[in-house]
Structures are given as C-alpha cells and as structure tokens.
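The next block holds one structure in the form of structure tokens; read it before the comments.
The values are calculated or read from the model by the stated rules, or taken from the named source; none is laboratory data. Computed from a predicted structure; not experimentally measured. Every residue, glycine as well, gets a Cβ built from its backbone with ideal geometry; the counts of neighbours run over all protein chains shown. In case anyone asks, the SASA skips ligands and DNA or RNA and just uses the protein heavy atoms, side chains included. Shrake-Rupley method; radii C 1.70, N 1.55, O 1.52, S 1.80 Å.
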Amino acid sequence: MQGGSGFNAVPPAFDKSRVLDVKPLRSLRPIFPNANEAPPFLCPSPSGPFPPGYSPFYPFSMPPPSEPPEVNQPEEPPTWTPPAAPAPIRAFRTPEMANGDVDQSGKEAGPSNSKKRSSSRTRGSTSSQKKEKGRKFHLNPAITANYVVPVSQAQREDGSRYVVDLVLITFDGLRRRLSQLEDAKEVPSGLARRSDLRAANILMTKGFRTNMRKRIGVVPGVEVGDIFFFRMELCMVGLHSQSMGGIDWIGGKGSLDEEPLAVSIVSSGYYDDDAEDKDILIYSGQGGAMTRDKPVGDQKLERGNLALERSMRRANEVRVIRGIRDVANPNAKIYVYDGLYVIQESWVEKGKSGANTFKYKFVRVPGQPEAFAVWKSIEKWKENISSRPGLILPDLTSGVETIAVSLVNDFDDEKGPAYFTYCSTPKYSKSFAIVQSSYGCGCRKGCAAGDLNCACIRKNSGDLPYTTSGVLVSRKPLVYECGPSCPCGPNCKIRVSRSGLKVRLEVFKTKDRGWGLRSYDPIRAGAFICEYAGEVIDKDRLKKKLQEGDNDEYIFDSSRSYEPFKWNYEPGLLGEEGTNGASEDPDIPSPVIMTAKDFGNVARFMNHSCNPNVFWQPVIYEENNESFVHIAFFAVRHIPLMTELTYDYGTLPQEGDNGFNLRKKKCLCGTSECRDYFVL
DNA sequence: GAAGTCTCACTGAA
DNA sequence: CTTCAGTGAGACTT
C-alpha cells in the first residue's frame, strides 16, 4: 500500500496546487502512453524521484521464469524455496537478519550467523514455546522455528518504505490465507473470524513488524495519504500502536516530570467528531463512555486525555489517522493517514448523554500533501461528475461498462486519446480456445468454500481462490472461475473477474506519460481491478505487424519476461510444509497476445512501472463450450484513491528479438528499481 | 497484572 | 433489501 505516485517526498499526482506550479513542458509531443525521447534529466517524473532511503519491495530472488515448468508435473517436488533473507537485490545496511525466535525482551536471540534457514534449526525453541501459552492459534514450532523473519533488529526499531511495504504485504497475504481457511471450515460463524487479529498476532510475536520505537512526528516509511484496512496494520508499522484505543502516547510513567505526550490519534467519527473543515478536526477525549459494566460518566483528565492536554501546551505534532466508512463494504472502515496536526485548543462540553466530554481542536500542519482533503473532493465528484475539473467525458465507455469511466485532462489542452472502440472483453478472431470440452460445476446455490464436490474449487486445487470479500488470496499459475454453464448464480464467489469493473475509474492526462488510469475509490490489496481487453492475435500476426512498422503501443503479451515477485503468504508462518503448491508465476497453456490499439478497455491506459501497484493474473473460464484465458489485473497492495495504477509491461527475452529495439522505450516510472527502459 | 480501549464481524430487528 | 444497535472475543497498551 504505498502511495504509488503518492510518495510524499514529491507532489503526489492528486496534489493539484503543485501540479499547476509545474511549467508546461510544451516540447513534449503527445505521444502515449510514453514519451520516450525526453532527455533523461528532463524527467520530472510524475511519481518520482523517490526518497533516497526507499528501497524496492520485491525482496526475493527467484529464478527467472524463462524456463516455464511443464504444465503437468505434480510429482515434481516443490521448486520454490522460501526466501532465506531479503536477498541480493537489496542489501540492507545490517547484513544480519533476525532470527525467527525472538526472546521475551524482543531482542535477537543470538548472533546471526544463522543466515541460512537450516542453521537455525538446532536452536532451542523453549522461549518461543513458553510464549505460545494462551495463544489460540497453534503454530507448529518445529517448522516455524525454521522460518527466518526478514526484518532485522534495526528495522524493527526504525522502518523504511521498504520494510513498511514488506510488513504490510506479508500481513495481508497471511490474513487472506487465514480468511480463506476460515471460509472453508464453515465455522459456526459469528465469532472467531478475525483473520486480521490472527495474522497480526503471528507476525508480531515473531517480530515481523517495524517502527516499534515510539516517536513523535513522522514515521519512517509511512507516507501521508497511505491507507489501511485494519487497526492492526497501524500497529504493525508503528503508526499507532493501540489496537483499539484512539489515543496513543508516550511517557508519563512514574516520575512527575516526565509528561505524557500524544503521538497519534485515530478518528473514527464514533463520538461526534466534527469534520467540517478538511484541515481541522474536533476530537473527543477518551473514557466516560458506557460499557457493559459502567454507565456513562464524566471523562477524566488522565491517560490519553492528559497526553493530549500536555501535547497542546507543548505544541508537539500529533499524527492523525482518519477512519472513513468503506463505501464498498459498509461494515468496514478504511484508515487514511492524514499527516501531522497540532492541537490548538481544548474545552469541556456536555455530550449527548449529559456527561462531560473533553474536546480538542486539531489543526493540520501546512505544507503536507493532501490526503483526507482529496477524499472529500472525490465524494463531490462522484455525486456530480460534471464538477470534476478538466472533465472531457463523463463516461468514455459509452455505457459499455456498468460503472462509468471518466476522461479528464486537468493538465494541458489535449482533448483525448486517439480514437479506439471500447469493448469490455477480449475479441477472439479465430478459435483460441485453450481447453477442449470444458465442464463446470454443479453447484446450484453458489459455490461454497470447502465444498470439494464443486468441480471449480477442485480445479483450483481445493481452494476457493477468493475470500468472501472478493479479494484474490494468492497468485497462481492459473485461476479457474465459474462460467456460464455453471448453475451457480451471478453472486457466486468464483466469478470475480467476470463481473466487470468494481471501482470508479478515471482516465487522465499525466505529466509526461501520456494518458494514465487511476481510481476514485480506494483499492485493497488483492482486489480485482479490470481485465485486459483487446483483439487476440497470434505470434505470427504480431511479428508481421511489427515488421511492417506498425506503431502499436497497446500490446499485451504474456510470453514476455516478467520480473518475478513474491506476493503470496509465507507457508512457514502457518507452520505449513513446503510451498503450498508452488509457483506464483503465471503459467498458461499457450501465450496470450492482445492488441488494444483499435479495440480495448480501460486496461489499455495503464502505464508501465518497474515497481507497479497492479499485477496481472491469468484466469480461465468457459464460454460457449470453449475455455478462454483472460488477463485479470489485481492490486499488489492497498492503493489510495487518485494514485496512478501501473503494471509491469515486462521485457522480451532477448535483445534483437524482432521489434525489440524499436519498441524499447525510456522508462519514466521514477521508482528506485527502475530498469531504465520498458517494452511497448 | 489489571484495566482500558473511536475493533471487527456477525446477528437480528426495524 | 439496507441500516442500525447490540454482542463478544480479542490484543495491545499503560
């Protein structure tokens, strides 16, 4: 969940005041999606440059996928070895990696020559076993002892963008897996379905967390505008370490001269917090609320309230996290980190129930990128799209999609991208059916997780690939969805990518990369975004096009090389043996090549990035007795609204492959792992 | 150790 | 069918 373009060292894409400050680079011709000929130094990249301390997320070295494994080779032992450490690509300053065993004091259990996983095996695990007391969740210590947490002691104390990303992605991967297991178990429902608590518990007891040192002000690696879907996520990255409490503070223990000072608050709108002005927050103190054992009472100047009072006197900066109701999932909340505030005044007020309540007026420290304010603007645009500045078209799909996609240019005069015909699904010109006679499931009432009688679930190796909330659990070589011949209804959980757009998207003019795609809605990790639609062509046709000098910049080609990356949960964290069925890398019977130059959907506007926030996943389902592979896009991490969506265009295996050099373009993604060029 | 907490997912009534 | 209040187990902190 990085801000993508929302890195704060630099104006995020949505910071319009800053955008307007930029002198128009009129020399750039409207080439899209990328202007490759701009001199590199002229590159005020839209999303970069990034803070020097930022290191990229994909930490794990994996063999390049140039040799895809045989399609059916079940007897092959797991080929993927869990990462021993955040390996070569990025060297941490502290070479020694934390061991999985963390003793009670949170210190490393010993000197770490235990870089190799196997070497930690002999270590006694008594201390960690002692700790397991009272834990509902049973880890297999024999196996988990082998797992080396890729977070060093130093990183545990003080984070960075890299570690924050790593922690959050690991957390959510684990949480999705736990959620998947819960779904399948048919728990009597009601209680205990707290995959968030369990995932956080597993990671935190292992020391897989960061920024444990509490601090006032900026938390390294967390940026204004970042979003979270669980309170535990805030704890794990050190933004706010109370799992429920709204006020977090330091000091105030024992000695009188050490005053408690607030470090952060979470505003959930539970009390009557006033949010009239975007930069002002009226926050209620804690306590006095009615509980099971206690009636409503006056709030007291103690604990968090005292810390807020002292912070006001000292005028120290307090981080503010705003809880916002998730429109997509009304019983959940999204937490937006809105940056630093100072407390300007406080007073006591009679609350609804007549009890005294403390009130604090928080004022936002100027000069920070907009975060919550953007949410407010977008609410208005969504109500009335014509109020969106720079709007060219309210719906460029002309109603083809069930949700409108707006076309906006608030950057220059260009009136829109080159002409194309919008279509929401791929066009197969001749038979590209992959699997002969396919068969669906027989579930009449929708496919239920854990039902191994469901043929579609069996095809997905026994797991329902999506959680109840519809997010993809793990990347897989191929995901099988239900098709038209399955009797399960449209609400079946295995029909995610077929059901069309879920978020409100905008095609917008970027500063130097032509047109791009972003969302008015926040997107959570693993959520489906869109599929790639275009004309499906074969390799020969592509070759011919390129030889004829066709300047087609809208090619999707699954046979390119893609940077491998780790996204799935780590089985070792669950005490599972092996790799839970292996590769994350796409593996499809024959390559899928599409051109979206003349026919296509929103996906054709997604730009390339070497550190993308979106990945593609092949999905197969049957239509008219034939099965077709579709290319579905999912979010790598939580993506704040108005952050540009990007994926990795991949590279061709060999220099000199036909058309390669022609189509090699200077990359402007601006991320620190930029490969300097990409292939159109 | 105990108490405190602006949780989260679910339930059932309106 | 949505919205709302009510419920309980829960995990982190001081």
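With viscosity set to 1.002 mPa s at 20 °C, what whole-number translational diffusion coefficient in µm²/s follows for the stretch A:439-529 from Stokes-Einstein and a Kirkwood radius over Cα pairs? Each step should come with its number before you reach the end.
On the way: Rh = 14.6 Å.
This corresponds to a translational diffusion coefficient of 146 µm²/s.
Per residue, how much accessible area does the stretch A:244-368 have with a 1.4 Å probe, in Å²?
Details: 6760 Å² over 125 residues.
Dividing the accessible area of the stretch A:244-368 by its residue count gives 54 Å².
How large is the accessible surface of A:Arg364 in square angstrom, using a 1.4 angstrom probe and rounding to the nearest 10?
My reading of the accessible area for A:Arg364 is about 30 Å².
FRET efficiency for A:Glu623 and A:Arg444, Cβ-Cβ distance as r, R0 = 22 Å, nearest 0.05? Working shown, then result.
Details: r = 20 Å, r/R0 = 0.92.
Working from the Cβ atoms, E equals 0.60.
Distances longer than 15 Å among the Cα atoms of the stretch A:301-388: what percent of all pairs is that? Walk me through the numbers before you get to the answer.
Working: 2684 of 3828 pairs.
Across the stretch A:301-388, Cα pairs with separations above 15 Å total 70 percent.
Could you tell me the center-to-center distance, by alpha carbons, between the stretch A:149-167 and the stretch A:524-591 in angstrom?
Cα centroid to Cα centroid, the span is 29 Å.
Would you mind counting up the charge near A:Cys443? Only other residues with Cβ under 12 Å from its Cβ, with Lys and Arg at +1 and Asp and Glu at -1. Don't skip to the end; give the middle numbers.
On the way: positive: A:Arg444, A:Lys445, A:Arg458, A:Lys493, A:Arg495; negative: A:Asp451.
Net charge in that neighbourhood comes out at +4.
Considering only protein heavy atoms and a probe of 1.4 Å, how much of the accessible area of the stretch A:244-368 is carbon and sulfur, as a whole percent?
Details: 3420 of 6760 Å².
It is 51 percent, rounded to a whole number.
What residues have an amide H closer than 5 Å to that of A:Asp410, excluding those fewer than 5 places away on the same chain, when H is modeled at 1.01 Å from N in the peptide plane?
A:Lys509
Starting from the amide H of A:Lys427, placed 1.01 Å from N in the peptide plane, find each other amide H under 5 Å away whose residue is 5 or more places distant or on another chain.
Those lying under 5 Å, H to H, from A:Lys427 are A:Gly534, A:Glu535, A:Val536.
Would you mind putting A:527-540, A:600-613 in packing order, based on average other-beta-carbon counts within 10 Å, highest first? Before the final figure, lay out each step's value.
Numbers: A:527-540: 20.8, A:600-613: 24.9.
Ranking, from highest mean packing down: A:600-613, A:527-540.
With +1 on the Cβ of every Lys and Arg and -1 on the Cβ of every Asp and Glu, and nothing else charged, how large is the dipole of the stretch A:359-483 about its Cα centre, in debye rounded to the nearest 20? Present the calculation step by step, with values, prior to reporting the outcome.
Values: 16 positive and 12 negative charges, 111 e Å.
Computed charge dipole of the stretch A:359-483: roughly 540 debye.
Looking at this model, which pairs from A:Lys185/A:Lys333; A:Lys493/A:Lys566; A:Lys333/A:Lys665; A:Lys493/A:Lys664; A:Lys376/A:Lys665; A:Lys445/A:Lys566 are more than 29 angstrom apart at the alpha-carbon?
Numbers: A:Lys185/A:Lys333 26 Å; A:Lys493/A:Lys566 25 Å; A:Lys333/A:Lys665 41 Å; A:Lys493/A:Lys664 40 Å; A:Lys376/A:Lys665 37 Å; A:Lys445/A:Lys566 35 Å.
A:Lys333/A:Lys665; A:Lys493/A:Lys664; A:Lys376/A:Lys665; A:Lys445/A:Lys566, as the Cα separations exceed 29 Å there.
How large is the accessible surface per residue of the stretch A:445-537, computed with a 1.4 Å probe and reported in Å² as a whole number? Walk me through the numbers before you get to the answer.
Working: 2690 Å² over 93 residues.
So the stretch A:445-537 comes to 29 Å² accessible per residue, rounded to a whole number.
For A:Val479, what residues show an amide H to amide H distance below 5 Å, using hydrogens built from the backbone and excluding near sequence neighbours?
Here A:Val619, A:Ile620 satisfy the definition.
If you average 1/r over all unlike Cα pairs in the stretch A:244-368 and invert the result, what Kirkwood radius do you get in angstrom? Kindly include the intermediate steps, with their values, before the conclusion.
Numbers: mean 1/r = 0.0660 Å⁻¹.
When all Cα pairs of the stretch A:244-368 are included, the Kirkwood radius is 15.2 Å.
What list of ³J(HN,Hα) values in whole Hz, one per residue of the stretch A:311-327 in order, does the Karplus curve 6.51 cos²θ - 1.76 cosθ + 1.60 (θ = phi - 60°) give from phi, with Gly and Pro shown as x?
5, 5, 4, 7, 6, 7, 6, 10, 6, 10, 10, 9, x, 10, 4, 7, 5
Kindly state, to the nearest 0.05, the FRET efficiency for A:Val327 paired with A:Leu393, given R0 = 30 Å and r defined as their beta-carbon distance. Working shown, then result.
Details: r = 23 Å, r/R0 = 0.77.
E between A:Val327 and A:Leu393, to the nearest 0.05, is 0.80.
Residue by residue, what Karplus-based ³J(HN,Hα) values in Hz, rounded to whole numbers, does the stretch A:452-458 have, using 6.51, -1.76 and 1.60 with θ = phi - 60° and x for Gly and Pro?
7, 6, 6, 5, 5, 5, 4
List, in order, the whole-Hz ³J(HN,Hα) value for each residue of the stretch A:606-620 obtained from phi through the Karplus relation with A = 6.51, B = -1.76, C = 1.60 and θ = phi - 60°; use x for Gly and Pro.
6, 7, 7, 9, 7, 10, x, 10, 9, 10, 9, 9, x, 10, 10
Using alpha-carbon positions, what is the distance between the centroids of the stretch A:319-395 and the stretch A:448-507, in Å?
Answer, in whole Å: 34.
Around A:Val602, with a cut-off of 14 angstrom between Cβ atoms, what is the net charge of the other residues, counting Lys and Arg +1 and Asp and Glu -1?
Working: positive: A:Lys502, A:Arg504, A:Arg518, A:Arg604; negative: A:Asp395, A:Glu401, A:Glu506, A:Asp521, A:Glu531, A:Glu644.
Every neighbour counted, the sum reads -2.
Quick one: of A:Lys509/A:Lys539; A:Lys359/A:Lys380; A:Lys278/A:Lys359, which pairs are farther than 21 Å apart, Cα to Cα? Write down the numbers at each step before the final one.
Values: A:Lys509/A:Lys539 32 Å; A:Lys359/A:Lys380 28 Å; A:Lys278/A:Lys359 17 Å.
From A:Lys509/A:Lys539; A:Lys359/A:Lys380; A:Lys278/A:Lys359, over 21 Å: A:Lys509/A:Lys539; A:Lys359/A:Lys380.
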